[in-house]
Amino acid sequence: IITLSDLECDYINARSCCSKLNKWVVPELIGHAIVTVLMLISLHWFIFLLNLPVATWNIYRFIMVPSGNMGVFDPTEIHNRGQLKSHMKEAMIKLGFHLLCFFMYLYRLVPQIAAR
């Protein structure tokens, strides 16, 4: 969110912004996929079903990168067609989702682990 807002205010250029953001796309994808699979294995169905659409969206976004683009975030297209606003909106939604998941993991899973 901070990097995108820096780009919006012209504190950094589009190329450095996109290179910073693109290096976190694959680790985010792998981390979210691992958490989703772990919730499936541990039979936490509600949390698994909550994580599944976000994991699917991350995979879809990674697969649908047009050939020739630098990555999910492309410096030549980030200012075109309102992509900066959509990336900012997506980042805010993900932030809210991860905050919700943090507290759900904290209050749903910790009592189960402590009971064992």
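The values are calculated or read from the model by the stated rules, or taken from the named source; none is laboratory data. This structure is a prediction, so every number in the text was calculated from the model and none was measured. Positions of Cβ are backbone-derived with ideal geometry, glycine not excepted, and every protein chain shown enters the neighbour counts. Keep in mind that these areas ignore ligands, DNA and RNA; they rest on the heavy atoms of the full protein, side chains included. Shrake-Rupley method; radii C 1.70, N 1.55, O 1.52, S 1.80 Å.
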Which listed residue, of VAL25, VAL35, is surrounded by 15 or more Cβ atoms within 10 Å (Cβ to Cβ) and under 25 Å from LEU7 (Cα atoms):
VAL25
Looking only at residues in segment 101-116 that are open to solvent by 80 Å² or more (accessible area, probe 1.4 Å) and farther than 18 Å from ALA55 by Cβ, which one is modelled with the highest pLDDT?
PHE103
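Yes/no matrix, rows are residues, columns are (1) closer than 17 Å to PHE97 by Cα; (2) among the acidic types (Asp, Glu):
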{"residue": "GLU28", "(1), (2)": "yes, yes"}
{"residue": "LEU38", "(1), (2)": "no, no"}
{"residue": "ILE41", "(1), (2)": "no, no"}
{"residue": "PHE46", "(1), (2)": "yes, no"}
{"residue": "LEU49", "(1), (2)": "yes, no"}
{"residue": "PRO53", "(1), (2)": "yes, no"}
{"residue": "SER67", "(1), (2)": "no, no"}
Of all residues in segment 14-28, how many are over 25 Å from THR56 (Cα atoms) and in contact with a Leu (Cβ under 8 Å, 6 or more places away or on another chain)?
1
Out of all the residues in segment 77-93, which are open to solvent by 30 Å² or more (accessible area, probe 1.4 Å) and in contact (Cβ under 8 Å) with a residue 40 or more places away in the chain?
HIS79, MET88, MET92
Quick one: MET70 ticks every box in (1) within 28 Å of MET104 (Cβ to Cβ); (2) open to solvent by 50 Å² or more (accessible area, probe 1.4 Å); (3) aliphatic (A, V, I, L, M) bar one, so which box is it?
(1)
Counting only residues that are open to solvent by 80 Å² or more (accessible area, probe 1.4 Å), outside any helix (DSSP H, G or I) and aliphatic (A, V, I, L, M), segment 1-19 contains a total of 0
So, in segment 54-67, of the ones that are β-branched (Val, Ile, Thr) and surrounded by 11 or more Cβ atoms within 10 Å (Cβ to Cβ), which residue ends up nearest to ASN13 (Cα to Cα)?
VAL65
